[in-house]
Every structure is written in structure tokens, then in C-alpha cells.
1. Which residues, counting only those in segment 62-85, are among the hydroxyl-bearing types (Ser, Thr, Tyr) and in contact with a helix residue (DSSP H, G or I) (Cβ under 6 Å, 6 or more places away or on another chain)?
2. So which residues in segment 82-99 are of a type in the set (Ser, Thr, Tyr) and more than 18 Å from the chain's Cα centre (by Cα), if there are any at all?
Amino acid sequence: MEKTIAIDAERPLPYLKKLDSSWQFIVDFISPSIYPNNYASICAEYWDRDQPLFIPDQRRDEYGGWRIWKAFGSYQAIGSSPFGIDTLEAKTCPFTKHYQLLSSVSQIILKHIVQI
């Protein structure tokens, strides 16, 4: 008998990652779309040593840009994609400077993550 698990496409529930491990070969990881102000607590809910944190949707303004540092620095996020970033001009997009700075320190971050 197959197991059926209902997943909310808007925001998968973090407890799903703790379910029976027999379905892990189907799902690599679950990812939150984070728009509320409790960004850090949502990151903490989804991240653990067995599952990477990837944020496929989040705010694309300056506030959202500052928040990615929490995801990468505290929760070793493997990526973050602001909603609709492809519709913004690079020279005016708040994430341009954050991604440039992140790129300049990426080797330091990766070295630290490997040691964890």
C-alpha cells in the first residue's frame, strides 16, 4: 500500500521532514517560502543537519536582502531566490550588492560549512 502525504504547495509543513524515512528517496528536501517577519524561526524549523535549507521564495526588497545573511550565516542555506528577481534591473535590485558581497566571501563560508 502506497503512502500519500498531502503537502501545502505554498508552505510545506516542517514536520513533514520528520515523517517515516521510507519516502526520503522521493523528496530531497522541503523548502519554505518566507514572507512573514519571523524569518529566522522559519529557517530554524526547516533546517537541520540532515536536510539543507533552500528558500525558493522570499521578499525581494532591501529588507529581504538583509535577511539572506541570516539564512546563509546561521542556517547554512544552499540558496535563496527572491520572488520575481528576474523582473528587476540589476543596477537597482537590492539583491545585487548582497549577492556580490556573498560571492566575495563564498570561499570563507564554504570552508566554514565543510568544517561543521
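1. Tyr75, Ser80 - these are the residues of segment 62-85 that are among the hydroxyl-bearing types (Ser, Thr, Tyr) and in contact with a helix residue (DSSP H, G or I) (Cβ under 6 Å, 6 or more places away or on another chain).
2. Within segment 82-99, Thr87, Thr92 meet the criteria.
No value in this document is a laboratory result; all are computed from the given coordinates. Predicted model, so just to flag it, every value in this text is computed and none were measured. Counting neighbours? That spans all protein chains shown, and the Cβs are built from the backbone with ideal geometry, glycine included.
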